[in-house]
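Some notes on the structure that comes next.
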Amino acid sequence: MKLVRVAIVGGGRGGYSVLRMLKEIKEVEIVGISDVEPEAPGIVAAQEEGISVTRDFNELLSLPDLDVIIETTGLPEVRDKIQQNISSKTALMEAKAANLIITILKEKKEELLEIKRVKSQLSAILDSVQEAIEVADINGNIQYVNNAFSRVTGISEKDRIGQNIFEASPDGALASVLKTGKLVFGHRTKVGGSNAEVVSNAAPINVDGIMEGGVVVFQHFTDVMNIMEELKKSTTIIESLTDKLGQVTTSKYTFDDILGNSDELKRCINLAEKSARSNTTVLLLGESGTGKELFAHAIHSSSMRRENPFIKVNCAAIPETLLESEFFGYAKGAFTGAVKSKIGKFELAHSGTIFLDEIGDMNLILQGKLLRVLQEMEFERVGGNQTIKVDVRVIAATNRNLRELIRQGKFREDLFYRLNVVEITIPPLRVRKEDLPVLLDNLIVKLNRKLGKKVRGVSKEAEEMLYNFDWPGNVRELENVIERVMVTMDEEIINKKNLSQQMNQFRISHDRDIELITIDQMEEMLIRKAVAKFGNTVEGKRRASQALNISLATLYNKLKRQKPTNIKI
Ligand SMILES: Nc1ncnc2c1ncn2[C@@H]1O[C@H](COP(=O)(O)OP(=O)(O)OP(=O)(O)O)[C@@H](O)[C@H]1O
């Protein structure tokens, strides 16, 4: 490249600064500098740099091939003299103009350097991505391809750049975006000039709102399919984990929550505490509402498995047809509607405890399957062929007389003996009425908090009434009665009147004659009694309907027809 030959007139401060700035420009050659003063800073600096110096500026004018002469003295006579003698090929420039041009040139140079730096960073980034990238200008001239482009298509950079996209890949996403100016998503095509089948997205490149070209990003179709497959697998794992998380629970109660000072109850607690330390199967027997579930929670909470899941299965609440899949889960496609596999309760309870409530209500076929799991601790999901091994501690409970059920052929004897390693029979409340005060005190505290009341206790007469009642629904019934009483009363002490209002209507004494009432009244009374006994929950109503030997729907209809009371329907 031909250098621009420049001479400087004046070696003072102005000339010196022009000299310094010009020295930094590669494209310029300083051919001479003049000043009458040999000690002028510009002259001294020029000598150090090996640039020729002179006292007479006229000598500079005669230098061969001089392109520019810069006048820095500011003296009009000097400028006039130069103008008169300057060759037609040389341009005269004043110091101010020269400074301005030099500054602009320097800035441009820095900008160019910055662009170079960004360009090399960008190309390192674009070359490291997995997706192929191709850029074309508005006329379709291909200007850039990254490394992945050559990997995916097998076309080298030098063979592609310079080609026109409308000829190379006329049906591709990039040609489309250049024609329409619109974004393209998920365009499946073969890259022109190669056999690669790809899925691409393309977008226009706009500069200051004007479209100047386009960019396409694409991947091999098989890569996309592999990613989709991976995604599907991850989604299935996430779904099953979410499913599992939603179902896994841990125990809510400990032995501290079991209240009562009677010897009968203490014996039960003692036995349960001992069994909690081992891994043995426990069978909890006792009437409804005596606290069997409470005991199951407490045993788990005191066992080595306390940090692991506590899974409850109510064998009576699940329809027989679903019980097996509830227990063991099912494989995808096991039956119509099984669009994904499902984890069963035994698998959920792995390393923890499974609480099989109402075990006496399980059908014989499932009893056989349960026996196998208890013996071998392994099973297959419904419709699956993979054997799943688990480590689960079993606690079972029922209010039914299992021995009687065995006699009737409704319960497998071998299963009974499997479950009955430790048998704990929780006595009904009517045989341990000394537990009433502590249960009552605790209930009042709990209900005061729940209902925002300030009840302080029970009157002597009311206490007597509670003692004389035989509590067929046990502690659950006591809880229901006291809650109903506290909801309706305004006093601070529960008295006989409050209690009798709530208890009389549910009470049928076996010891006294029943006053004659209508059949409708009798039905209403029995329904209320059953709901009071089993609880005003869906599950309570379901069990009440079983006890009354009517369908759940009939029970709901009858409850709806009754006059409003404290029992919510
Ligand atoms: N000793 C007790 N101390 C404190 N609360 C108790 C006690 N026994 C039972 N309860 C309470 O009585 C209610 C019924 O108890 P739980 O559900 O454990 O009875 P269950 O014997 O499992 O009943 P079911 O056979 O109907 O399932 C629960 O609210 C429970 O907390």
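Only one of (1) without any contact (Cβ under 8 Å) to a residue 60 or more places away in the chain; (2) out of contact with any Ser or Thr (no Cβ under 6 Å at 6 or more places or on another chain) fails for Ala136. Which number is that?
Result: Ala136 fails condition (1) only.
Identify, from the list Ser275, Ser251, Ser301, the residue that is polar (S, T, N, Q), part of a helix (DSSP H, G or I) and touching a helix residue (DSSP H, G or I) at 6+ places or on another chain (Cβ under 7 Å).
Selected residue: Ser275, the only one of Ser275, Ser251, Ser301 that is polar (S, T, N, Q), part of a helix (DSSP H, G or I) and touching a helix residue (DSSP H, G or I) at 6+ places or on another chain (Cβ under 7 Å).
Can you pull out the residues in the stretch 1-25 that are part of a strand (DSSP E or B) and not charged (D, E, K, R)?
Val4, Val6, Ala7, Ile8, Val9
Among the residues of the stretch 495-513, is any assigned to a loop (DSSP other than H, G, I, E, B), in contact with a helix residue (DSSP H, G or I) (Cβ under 8 Å, 6 or more places away or on another chain) and modelled with pLDDT of 80 or more?
So far as the stretch 495-513 goes, yes, one or more of its residues are assigned to a loop (DSSP other than H, G, I, E, B), in contact with a helix residue (DSSP H, G or I) (Cβ under 8 Å, 6 or more places away or on another chain) and modelled with pLDDT of 80 or more.
When the residues of the stretch 531-564 are filtered to those that are part of a helix (DSSP H, G or I) and either β-branched (Val, Ile, Thr) or on the phi > 0 side of the Ramachandran plot (or both), which remaining residue is farthest from the ligand (Cβ to nearest atom)?
Here the residue is Thr554.
Which helices (runs of 4 or more DSSP H) does the stretch 45-135 wholly contain that include 2 or more residues that are touching a Leu at 6+ places or on another chain (Cβ under 9 Å)?
76-85, 95-128
When the stretch 447-468 is examined, which residues are found to be surrounded by 14 or more Cβ atoms within 10 Å (Cβ to Cβ), within 16 Å of the ligand (Cβ to nearest atom) and under 41 Å from the mean Cα position of the chain (by Cα)?
Leu447
Answer with yes or no whether Arg418 is within 24 Å of Arg543 (Cβ to Cβ) and not hydrophobic (A, V, I, L, M, F, W, C).
So Arg418 fails the test.
Filter the stretch 346-384 down to the residues that are free of Cβ contacts under 8 Å to residues at least 40 places away in the same chain and under 33 Å from the mean Cα position of the chain (by Cα), then identify the one that is farthest from the ligand (Cβ to nearest atom).
Step by step, filter the stretch 346-384, then rank; the result is Glu378.
Just a yes or no: is a residue in the stretch 243-251 touching an Asp or Glu at 6+ places or on another chain (Cβ under 9 Å) and either under 30 Å from Ala349 (Cα atoms) or within 16 Å of the ligand (Cβ to nearest atom) (or both)?
Yes, some residue in the stretch 243-251 is touching an Asp or Glu at 6+ places or on another chain (Cβ under 9 Å) and either under 30 Å from Ala349 (Cα atoms) or within 16 Å of the ligand (Cβ to nearest atom) (or both).
Give the number of residues within the stretch 391-421 that are touching a helix residue (DSSP H, G or I) at 6+ places or on another chain (Cβ under 7 Å), among the β-branched types (Val, Ile, Thr) and surrounded by fewer than 18 Cβ atoms within 10 Å (Cβ to Cβ).
1
For the condition within 22 Å of Gly360 (Cα to Cα) and either in contact (Cβ under 8 Å) with a residue 24 or more places away in the chain or more than 12 Å from the ligand (Cβ to nearest atom) (or both), what is the one hit in Ser278, Ser288?
Ser288
The values are calculated or read from the model by the stated rules, or taken from the named source; none is laboratory data. Because the structure is predicted, anything quoted here is derived from the model rather than measured. When we count neighbours, we look across all protein chains shown, and the Cβ atoms used for this are built from the backbone with ideal geometry, even at glycine.
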